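The values are calculated or read from the model by the stated rules, or taken from the named source; none is laboratory data. Since this is a predicted model, take the numbers as computed values, not measurements. Neighbour counts run over all protein chains shown; Cβ positions are idealised from the backbone, glycine included. Calculation scope for accessible area: heavy atoms of the full protein, side chains included, ligands and nucleic acids excluded. Shrake-Rupley method; radii C 1.70, N 1.55, O 1.52, S 1.80 Å.
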Amino acid sequence: MASQLIREWVGIQQFPASTQTKLLDLLGKLKHENVSTLTILVMGKGGVGKSSTVNSIIGERVVAVSAFQSEGPRPVMISRSRAGFTLNIIDTPGLIEGGYVNDQTLEIIKRFLLDRTIDILLYVDRLDAYRVDNLDKQVIKAITDSFGKEIWRRALVVLTHAQLSPPDGLEYDLFFYKRSEALMKIVKLGARIRKQDTWGSSVPVVLVENSGRCNKNEDDEKILPDGTAWIPNLVKKMTDVALNGSKAILVDKKLIEGPNPNRRWKEFIPLIFALQYFFIIKPIQGAIKSDIAKEARPSWELRDVGAASRKF
Ligand code: GDP
Ligand code: MG
């Protein structure tokens, strides 16, 4: 990691002045909270706009974008620094191949991340997809199995292609709501987030429009259909997640090679049973036995025994 080339974040100067001001404010806020580095992991299926989103955030064309699925097989980390703050973004290849999660790709991504700390996961999908299916669940499950369910406390769901006209005359807000709801349902299922994991309901869903034809406001900032300048909005949501008090995910050997982090404790179940048997059940049984042995027989029982023996 030390050999990683960290360039000055010049792309930030390509943004309109008001975007630059907002971004520098957010970086200042992070630094104020002693966060001087953010490492962002970008994951999702192929062709959803992962690489385009990386380019949009950095403000330069740093990774290749392709309309046809021909992504490089390896993850790429882009590092930029600005005013003492370092931003690392890791773009990854899509996880699906031939209708399944490609375990080899996942393995390559995990190895690439060894000894790095993930501050934020951007789980990217498209807004203009009308269904979620088992494949989405598999991708989310694969991410969860690799890095632990806690990674979702550090996640944002990013929906690209945000500049769309919803089908069937649906209102934009309603369409966005329904799409987010359907996707979050599958995230909760795939990540096995339970009702008592209250944080599960606060995974932010953020809209992105990477297209060069994205509408702009009078300050020349790219905006969503509701007028929100989306780049500062995305960075603001990332800042909130970085400062939400949850722990960043350290990808160590144990996480990569060890058992599924979500099942690590399950291995101890037989041991817990054995300990329960020897230290709880056995002593209780012993105590009951000795109690029975020591128990003084009640007088009525002795009387009855006496009466019976007299009878015969
Ligand atoms: P990846 O495979 O997930 O990295 O996806 P890419 O970033 O390579 O994008 C796949 C295709 O979708 C490319 O043709 C992009 O130009 C296009 N694309 C990505 N994001 C957007 C977006 O927000 N809006 C539109 N209209 N096209 C996008
Ligand atoms: Mg890509």
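In the full protein context, the range 149-205 carries 53 Å² of accessible surface per residue, based on a 1.4 Å probe and ignoring ligands, DNA and RNA. What do you get for the angle between helix 299-311 and the principal long axis of the chain? Use alpha-carbon atoms, 0 to 90 degrees, nearest ten. That works out to roughly 40 degrees.
Keeping every protein chain in place, order Tyr177, Tyr172, Tyr123, Tyr277 by accessible area at 1.4 Å, biggest value first, i.e. largest first. Display every interim value, and only then the final one.
Details: Tyr177 130, Tyr172 40, Tyr123 0, Tyr277 95 Å².
Listed by decreasing accessible area, they come as Tyr177, Tyr277, Tyr172, Tyr123.
For the chain, modelled as a GNM whose springs connect Cα atoms under 10 angstrom apart, the maximal fluctuation among Lys31, Lys222, Lys149 occurs at Lys31. Each eigenvalue of the Cα gyration tensor of the chain, multiplied by 5 and square-rooted, gives one semi-axis; in descending order these are 56, 23, 20 Å. For the range 54-213, the percent of C-alpha pairs falling in each 10 Å distance bin, counted from 0 to the bin holding the largest distance, reads 9, 35, 39, 15, 1. Cα to Cα, under 13 Å, and not fewer than 8 places away if on the same chain: which aspartates and glutamates meet these conditions relative to Lys253? Straight-line reach from Lys253, under 13 Å: Glu107, Asp115.
Entry comment: accessible area of the range 8-54 is 41 Å² per residue, from protein heavy atoms only and a probe of 1.4 Å. Using only the alpha-carbon atoms, how far is helix 17-32 inclined from the longest principal axis of the chain? Give it as 0 to 90 degrees, nearest 10. Roughly 30 degrees between the two axes. Relative to the longest principal axis of the Cα atoms of the chain, helix 230-242 runs at roughly 30 degrees. Only protein atoms count toward the accessible area here, which uses a 1.4 Å probe; on the chain, the carbon and sulfur part of that area reaches 54 percent.
Sort 105-111, 155-161 for me by packing, meaning the mean count of neighbouring Cβ atoms within 10 Å per residue, highest on top. List each step's numbers first, then the result.
Details: 105-111: 17.0, 155-161: 21.7.
Output ranking for 105-111, 155-161: 155-161, 105-111.
Students often get this wrong, so check it: of Lys45/Lys137; Lys22/Lys247; Lys149/Lys237, which have C-alpha atoms separated by over 22 Å? Those over the limit are Lys22/Lys247. Of the peptides 78-87, 212-221, 279-288, the order by per-residue mean of other Cβ atoms within 10 Å, starting with the highest, comes out as 78-87, 212-221, 279-288. The spacing between the range 184-210 and the range 152-182, judged by their C-alpha centroids, is 13 Å. Only the Cβ atoms of Lys and Arg (+1) and of Asp and Glu (-1) were treated as charged; on that basis the dipole of the chain about its Cα centre amounts to roughly 1540 debye.
Where both bridge residues fall in the chain, DSSP classifies roughly 35% of the beta bridges as antiparallel.
Using C-alpha pairs below 8 Å separated by at least 6 residues, the relative contact order for the chain is 19 percent. Ranking Ala229, Gln196, Phe175 by Cα position along the charge dipole of the range 170-234, where only Lys, Arg, Asp and Glu carry charges on their C-beta atoms, puts Gln196 farthest toward the positive end.
Using only DSSP helix segments of four residues or longer, with each worth -39500 (n - 2.57), what per-residue ellipticity at 222 nm results for the chain after dividing by its residue count and rounding to 500?
Working: 10 runs with 120 residues, N = 312.
Result for the chain: -12000 deg cm²/dmol, rounded to the nearest 500.
Among beta bridges from DSSP that stay inside the range 18-172, the antiparallel ones total about 35%.
Computed from the Cα positions only, the extents of the range 1-89 along the three principal axes stand at 41, 32, 20 Å, in decreasing order. Average accessible surface for the range 63-112: 51 Å² per residue, computed with a 1.4 Å probe over protein heavy atoms with every protein chain in place.
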